[in-house]
1. Could you figure out which of (1) surrounded by 18 or more Cβ atoms within 10 Å (Cβ to Cβ); (2) within 30 Å of residue 4 (Cβ to Cβ); (3) in contact with an Asp or Glu (Cβ under 7 Å, 6 or more places away or on another chain) isn't true of residue 81?
2. So residue 56 clears everything in (1) under 22 Å from residue 129 (Cβ atoms); (2) touching a residue at least 12 places away in the same chain (Cβ under 8 Å); (3) within 14 Å of the chain's Cα centre (by Cα); (4) part of a helix (DSSP H, G or I) except one condition, right? Which one?
3. Pick from the stretch 59-78 the residues that are of a type in the set (D, E, K, R) and either under 11 Å from the mean Cα position of the chain (by Cα) or surrounded by 12 or more Cβ atoms within 10 Å (Cβ to Cβ) (or both): which of them is nearest to residue 44 (Cα to Cα)?
4. When you look at residue 105, is it polar (S, T, N, Q), touching a Phe, Trp or Tyr at 6+ places or on another chain (Cβ under 8 Å), on the phi < 0 side of the Ramachandran plot and not in a strand (DSSP E or B), yes or no?
5. From the set of residues in the stretch 22-46 that are without any contact (Cβ under 8 Å) to a residue 60 or more places away in the chain and in a helix (DSSP H, G or I), which is surrounded by the most Cβ atoms within 10 Å (Cβ to Cβ)?
6. Applying the selection to the stretch 62-86, what residues are outside any helix (DSSP H, G or I) and of a type in the set (S, T, N, Q)?
7. Starting from the stretch 98-117, keep only residues that are without any contact (Cβ under 8 Å) to a residue 60 or more places away in the chain, then list their pairs with residues that are of a type in the set (Asp, Glu) whose Cβ atoms are within a distance under 7 Å, requiring at least 6 positions of separation or different chains.
8. Take the stretch 113-128 and flag every residue that is outside any helix (DSSP H, G or I) and surrounded by 19 or more Cβ atoms within 10 Å (Cβ to Cβ).
Amino acid sequence: MADNHSKEVRSMNMSHIRSTNSRPEEIVRKYLFSKGFRYRKNVRSLPGTPDIVLPKYKTVIFVNGCFWHKHDCSRFVWPSSNQEYWIPKIQHNVERDKKNIEALNILGWAVITVWECELKKKVREKRLEQLCAEIKGECVNGTD
């Protein structure tokens, strides 16, 4: 599908996409705070500037958009236009995510990723409960 917007309009639209304090991040932070977790936001001194850092648990949380980080779910679809731009960009995001997770693990941090699609109303409560268990290091779904 061809882009229906001019380059200037598309640029303006893209500039309004927030990289911090997004609605999914706010949902996760609000839930964690209500459960007694205390955290820091967007800590630049850590690789990848994690969205949420829980120093007490030596755990970081990334709240990722399914499109921007190529989640294997129905929300991710390769754009049909301007693929020469989007494919390398998204692949670069995925590679950067892997490197940041590896660097955080080497530093001794546990890394949890919460995907945008996991915060839809139908599945949100279950995922957030699971997140709390993961932070506390409890067994979740038969895995550690």
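Here, each number is a calculation from the coordinates, and none is a lab measurement. Since the structure is predicted, the reported quantities are computational estimates derived from the model, not experimental observations. Every residue, glycine among them, receives a Cβ derived from its backbone with ideal geometry; neighbour counts consider all protein chains shown.
1. All conditions pass for residue 81, except number (1).
2. Result: residue 56 fails condition (3) only.
3. Step one: of the stretch 59-78, the residues of a type in the set (D, E, K, R) are 70, 72, 75.
If we keep only those that are either under 11 Å from the mean Cα position of the chain (by Cα) or surrounded by 12 or more Cβ atoms within 10 Å (Cβ to Cβ) (or both) too, we end up with 70, 75.
Details: 70: 23, 75: 29 Å.
That would be 70.
4. no
5. First pass over the stretch 22-46, keeping only residues without any contact (Cβ under 8 Å) to a residue 60 or more places away in the chain: 22-23, 25-26, 29-30, 33-34, 36, 38-45.
Restricting the remaining residues to those that are in a helix (DSSP H, G or I) gives 23, 25-26, 29-30, 33-34.
Numbers: 23: 10, 25: 23, 26: 11, 29: 18, 30: 11, 33: 11, 34: 9.
It comes out as 25.
6. Within the stretch 62-86, 64, 74, 80, 81, 82 meet the criteria.
7. Partner pairs satisfying both residue conditions: 112/134.
8. Quick first cut of the stretch 113-128, residues outside any helix (DSSP H, G or I) only: 113-115, 120.
Listed by number, the residues that qualify are 114, 115.
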